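The values are calculated or read from the model by the stated rules, or taken from the named source; none is laboratory data. The model shown is predicted, which means the values in this text are computed figures rather than measured ones. Reconstructed Cβ throughout: ideal geometry from the backbone, glycine too, with neighbour counts over all protein chains shown.
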Amino acid sequence: MDEVTEDRSLVFLFSLYERVHLGYITARLALLTRSAATPGSSSNMNSASIPLNSRALVSVLLCCCLAAAAFSVPSSARARRLRQQDKLPAAQSQSPANDDFKFGKVDLELLEQVDLLDKRLEREGLVLEDDATTVYLNRVGQSLLVPRGLTLENVTWRFRALRDSQPNAFALPNGSVYVSTGMLTLMDNESQLAAVLAHEMTHVLRRHTYLQNRSNRKKFLTMNVMAAVGAYAPGGIAGAVITIVTAVAPFIVMATMYGYSRDLEREADLKGIDMMLAAEYPPEEMVNVMKLLNRDIEGENIRLFYNDHPALNERIKYLTSYLGARADKVTPQMELNREKAAYFRKMEPVMRHDIQLAINAGRFRSAVFLAERLVDFHPDSENIFWLGEAYRTLGPRSTQLTERELTNSAKKDAAKKREKRTVEEEERELLATPAGQENWKLHQQKAEESYRKAVTSENPVAVAHRGLGMLYEKLGRSTGAVAEYEKYLEMLPAATDRERIQKRITDLRKTP
Amino acid sequence: MIKTVVVITRLRKLQLGCLAALVLMITALSPDAHAQFLHPKITSKQVTVRKVVILPAKVEVVRDSMKGPEGMAAESEELSGRVEKMVTEVLANQKHINTLTVPASGGDTQGKYTVADIQAKFDDLLPKVLKKRKDVKQGRFSMGDEVLNLNLDKSADAIVFIRGRGQKLSSGKKTFTLLVGGMPAYLMIQIGVIDAHTGDVLVYTDPILAGDPTTAVNRLRSALEKGFKKLPSVSQ
């Protein structure tokens, strides 16, 4: 699909060039005919317009040659190679690493930048510093490296969790692979995690970031040269044509940038499947991860004109067709790697952490979804407390978006509103509607119920008292709120948010 | 006679157009063109900012060349530190506002997370402020009492958040910008002064300077001074 798009853009460009050239020749002929028919006008034309027109021709040619050079070579050759790779069985496919890659100055500069980015993510508290999770991610990541101990120039493998509630993963070309907590908690088993890591590791192994950077630099240069040619376009038809070409061409160049990126994503998906098979992970879990990502809880997956990743449905389609018979062979180890409970046990602390992150980021529906999953798996007092937190903060919002709210235009509108309104303003607006009031009533009941369970269980959780205090404060029950806050501080005198809670108690006491 | 005056080639017209655009851009980028917005609590003198805590600034600069933008991670880091230091100096010298040190998180993971979460909260609020900066004057924006979780010094009145982005041009791109047009080198800083007790946005200012952000030290200072012009100074 992506390759076809790029081929089409090439055809379009050349047809445009032909039309431009034809238009230019026709105009020139018309001009010559007219000047020949008008006595005395030839000298005027010759003195001024011929140099201008030759300049125009040079500009048109330069413009088109640059565009053609930028589009054709990497994309079509790459497309052919990728198509061939799709047909190869896993065993026959080439080495996972891009052995032909040679580092240039530009690549080393990029490497320096990403090394600094790595340090910055850590310094700014964006990396989850949980040893158990990091060890686990490293174990799964290393198991995907075949042949074992595969070393690459300027790559040190590091697998870490990123404190971000949005499902995402990315790899830096220095071998640092980051999976967001939102992604870790969305998945159902270790094989799905392996699928994500295998995809990201392929980007590193095949040196995709460097290749993309090199390709983009060429394309940016083309766009800038075109802009310069367009700015100094001469008058007449040729000038108009140059203006049109230089105005349209950047969009085509941009499309090829995204097209190239989509090619690399596709390669990462397919090579990832091979890596999974080699490490005895059921490869169909790659498709299941895509299906999970397709579940748009917050209505954030907005389709844009350009996308650097292929559309999820398209990915599911080509992955399914690539899997074919590969998915038939199931080993006992594959069955083990599909086990949900083992994965959830490892992810339990990450899930709790991610619920708080989701609440902080205003992704309240995700918080409820996650908390319910957590309680279903292990209904202990701490997890029940998180369910209460999720429902309290969900407030007047619905737990699920309706089909109408999940349409692309509705999602775009919602994104615009999110940019303008604060969370409090959104809640006020919703509370002014009967549906919002009903939701709030239901959610406050569920929150209170969960908090109560958490404080009356065998292992009561102090923070549940704080949750109750906040709930009562929102409901205007000042006395109840103060009592709960006090219980919280009594149970947890060294609480990090002590100052905040004490201020709330003082303020509540002031209110009549 | 009139004909000779009117005859201007297309090229000349384009050059004049570029020049006019450049003049307009420079005017727009001059620090005076950018306003500051104060919360009613500040204008009514209900709250006086005497002591502040400045959280680590996040300033990003890129080098724009003919081959596209390139990251400048080391320079960005250095510039973040410089902007932070300069804000401290401007507040102290012009407004007599003292800057307290941020509680060091050291090896404390929870402390690091708290600072990261508060910074993220400001990043979430910033686009909303930018959409309607004037609403700061109506006290519309707040980060909530979560800011108290930072456990700052009790005497701190406000927390200062600094964000910035800018670009430096390669020599090729400079020539290109002069001939064809485009964004010149610039640095745009966004500063939010937040009430350390309630989380209300007390002051929002976004000084801008035109020129290479990595070297224009004096211009940066002058832009910051103008950016805090309306903030009442503490009487000695």
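List of remarks:
- Counting only strands (runs of 3 or more DSSP E) that fall entirely inside the stretch B:92-197 and contain at least 2 residues that are not polar (S, T, N, Q), the qualifying elements are B:158-169, B:186-195.
- Annotation for the stretch A:236-245: no member residue is crowded, with 23+ Cβ neighbours inside 10 Å and outside any helix (DSSP H, G or I).
- Which numbered condition A:Ser478 fails, given (1) more than 13 Å from A:Phe385 (Cβ to Cβ); (2) free of Cβ contacts under 8 Å to residues at least 24 places away in the same chain; (3) among the hydroxyl-bearing types (Ser, Thr, Tyr): (2)
- Checked against (1) aliphatic (A, V, I, L, M); (2) surrounded by 19 or more Cβ atoms within 10 Å (Cβ to Cβ); (3) under 25 Å from B:Leu220 (Cα atoms); (4) within 13 Å of chain A (Cβ to nearest Cβ), B:Val90 meets all criteria but (4).
Residue by residue, here is whether (1) at pLDDT below 95; (2) at the interface with chain A (Cβ under 10 Å from one of its Cβ atoms) holds:
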| residue | (1), (2) |
| --- | --- |
| B:Thr109 | yes, yes |
| B:Gln119 | no, yes |
| B:Phe122 | no, no |
| B:Leu126 | no, no |
| B:Asn151 | yes, yes |
| B:Lys154 | yes, yes |
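- Test: residue in the stretch A:176-199 that is within 13 Å of chain B (Cβ to nearest Cβ), in contact with a helix residue (DSSP H, G or I) (Cβ under 6 Å, 6 or more places away or on another chain) and buried (at least 19 other Cβ atoms within 10 Å of the Cβ): yes
- If only residues of the stretch A:190-232 that are within 21 Å of the chain's Cα centre (by Cα) and not in a helix (DSSP H, G or I) are counted, the one that is nearest to B:Met183 (Cα to Cα) is A:Arg207.
- Failed condition for B:Leu202, given (1) under 19 Å from the mean Cα position of the chain (by Cα); (2) within 24 Å of A:Asp507 (Cα to Cα); (3) in a loop (DSSP other than H, G, I, E, B): (3)
- When residues of the stretch A:116-157 are limited to those that are buried (at least 19 other Cβ atoms within 10 Å of the Cβ) and among the β-branched types (Val, Ile, Thr), the one nearest to the other protein chains (Cβ to nearest Cβ): A:Val127
- Qualifying residue in the stretch A:303-319 (condition: farther than 30 Å from A:Val253 by Cα and either of a type outside the set (Asp, Glu) or assigned to a helix (DSSP H, G or I) (or both)): no
- Within the stretch A:341-364, residues that are within 13 Å of chain B (Cβ to nearest Cβ) sit with their Cβ atoms under 6 Å from residues that are outside any loop (DSSP other than H, G, I, E, B) and at pLDDT below 95, at 6+ positions apart or across chains, in these pairs: A:Gly362/A:Val423.
- Any hit, the stretch A:499-510, residues being over 21 Å from B:Gly199 (Cα atoms), touching a helix residue (DSSP H, G or I) at 6+ places or on another chain (Cβ under 9 Å) and crowded, with 21+ Cβ neighbours inside 10 Å: no
- Residues in the stretch B:52-82 that are within 8 Å of chain A (Cβ to nearest Cβ) and without any contact (Cβ under 8 Å) to a residue 24 or more places away in the chain were compared, and the one that is farthest from B:Ala92 (Cα to Cα) is B:Lys67.
- The number of residues in the stretch A:487-512 that are facing chain B (nearest Cβ under 9 Å) and more than 43 Å from the chain's Cα centre (by Cα) comes to 0.
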